[in-house]
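Peer 1: What follows is a structure written as C-alpha cells; I'll ask about it next.
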Amino acid sequence: MANEQIRRGRLEMIAAMLISGTIGWFVLMSGQPVVDVVFWRCAIGAVVLMIVCARLGQFRRGILTRRTLLIAIAGGVAIVLNWLLLFSSYSHASFSIATMVYNTQPFMLLGLGALFLGEKVTGEKLFWLGLSFLGMLAIVEGKSGGGEDYLVGILLALGAAFFYALAAVAAKRLKGTPPHLIALIQVVTGTLMLAPLANFSDLPTSLAVWSSLATLGIVHTGLMYVLLYGAIQKLPTHLTGALSFLYPVVAILVDRFALGHELQSVQLVGSAVILLAAAGVTLGWQPGQLVARRRAV
C-alpha cells in the first residue's frame, strides 16, 4: 500500500511539474498585459479550487482561525506579486532563463528562514549559495548584446523568487491547514487585489486568447494545485524536491522547441550550476560526499 501511494504521488508530481514547465508559453501566447493574465488566472483558478474544496468538505466551521486566515491572505499577496514579477520577466529574458533564475528561491527561503524562523545556516548551505551565485553570474554575462532589458528580466525573476519564498514562509506557519484551502484563499486574494487594475473595458474577443487564459486558470492553477498538493502528501520530502527540478528542464525544452529560443553555452552552464546548487540545498547534499563519490567512480 505504501509503495502504491509513492507510485501515485510520483506520477502526480511529475504531471504537476510538466504542467508548470509550460506556463510561460501560455502566458506569452495569450498576448495580454501581465496584470490581466494574473487576474484571470486567479479568478478562473478560484472557481476550480472552490469546487475542489467543497467536494473535499473543507468549508467546515472552525477549520480556519482568524490568525490562519490572515497568514494565508498575506501569503496570497506574496504569491500574486510573485506571479506578476515572474510573468513580466518572460518578455525581457525569455521564460527559460527567467525560470532558471527563479530557481534561486531555495536560497531566498534559506535567508528568510534564518531571519524569521530561527533556522540554522550551515557551511554546506553557504557553499551551495555561493555556487548558485556563480551560476547567476554566468547567466547574466552569457547574453551577448542583451543590455539593460535582459538585466531587467533577471531582476524581475529574482524579485519573483523572493516573494515566492515569503509565501513559503507563510505556508510553514499554516501546518495543519488544508493546502487546497490555502490555495483557494491565495487566488481569491489575488482576484480581489487585481480586480481594480484589470481591464474590463476591452476584453479579449479571440477564442485563442480566452483558451490560453482558461488553461492558465483551470490547468495551471486548479489542476496543478490538486496534483502538487496530492503529491506532497504522499511523497517523502527528498522525492518531492528531486522531482521539482523537472519544472525548469521542461521550461527550457518548451522555450527551445515551441518558441525557438536557444540558450547559449554559458547560459546552459550557469543554469546547470543553479539547478545543482538548488538541488544540493533542497536535498541536503554535502559537497564533500559528492566529491568522494566522483573520485570513487
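Peer 1: Exposure proxy check: LYS234, LYS172 ranked by fewest other beta carbons within 10 Å?
Peer 2: LYS172, LYS234
Peer 1: Here's another thing I want to ask about it. Sequence gap of 8 or more, or different chains, plus Cα separation below 23 Å: how many lysine pairs satisfy both in segment 2-296?
Peer 2: Lysine pairs, 8 or more places apart or on different chains, close enough: 5.
Peer 1: Among GLY230, GLY111, GLY260, whose mean-square fluctuation peaks in a Gaussian network model of the chain (Cα, cutoff 10 Å)?
Peer 2: So, out of GLY230, GLY111, GLY260, the one fluctuating most is GLY260.
Peer 1: On to the next question. Can you figure out the FRET efficiency of LYS175 with TRP210, using R₀ = 45 Å and their beta-carbon distance, to the nearest 0.05?
Peer 2: 0.75
Peer 1: Summing -39500 (n - 2.57) over the DSSP H runs of n ≥ 4 in the chain and dividing by its residue number, what mean residue ellipticity at 222 nm do you reach, to the nearest 500 deg cm²/dmol?
Peer 2: -25500 deg cm²/dmol
Peer 1: Which whole DSSP H helices in the chain pass both tests: a Cα extent of 30 Å or more along the axis and a mean Kyte-Doolittle value no lower than 0.5?
Peer 2: 34-55, 66-93, 147-172
Peer 1: Within segment 177-207, list the residues whose amide N lies under 16 Å from a label point set 7 Å along Cα→Cβ of ILE218.
Peer 2: 207, by backbone N distance to the label point.
Peer 1: So what is log10(I(q)/I(0)) for segment 4-159 at q = 0.10, 0.21 1/Å, when the Debye sum runs over its Cα atoms only?
Peer 2: So the normalised log intensities are -0.52, -1.38.
Peer 1: Kirkwood Rh, Cα Rg: Rg to Rh for the chain?
Peer 2: Computed over Cα atoms, the ratio is 0.97.
Peer 1: What number in nm² do you get for segment 146-194 if you take the convex hull of its Cα atoms and divide its surface by four?
Peer 2: 4.4 nm²
Peer 1: Another question, if that's okay. Report the gain in length on full extension from LEU11 to LEU115: 0.36 nm times residue separation, minus Cα-Cα distance, nm rounded to one decimal.
Peer 2: 33.9 nm is the gain from fully extending LEU11 to LEU115.
Values quoted throughout were computed directly from the atomic coordinates according to the rules given, and no laboratory measurement underlies them. For clarity, every value in this text was computed on a predicted model and none was experimentally measured. Here the Cβ is made from the backbone with ideal geometry for all residues, glycine too, and neighbour counts use every protein chain on show.
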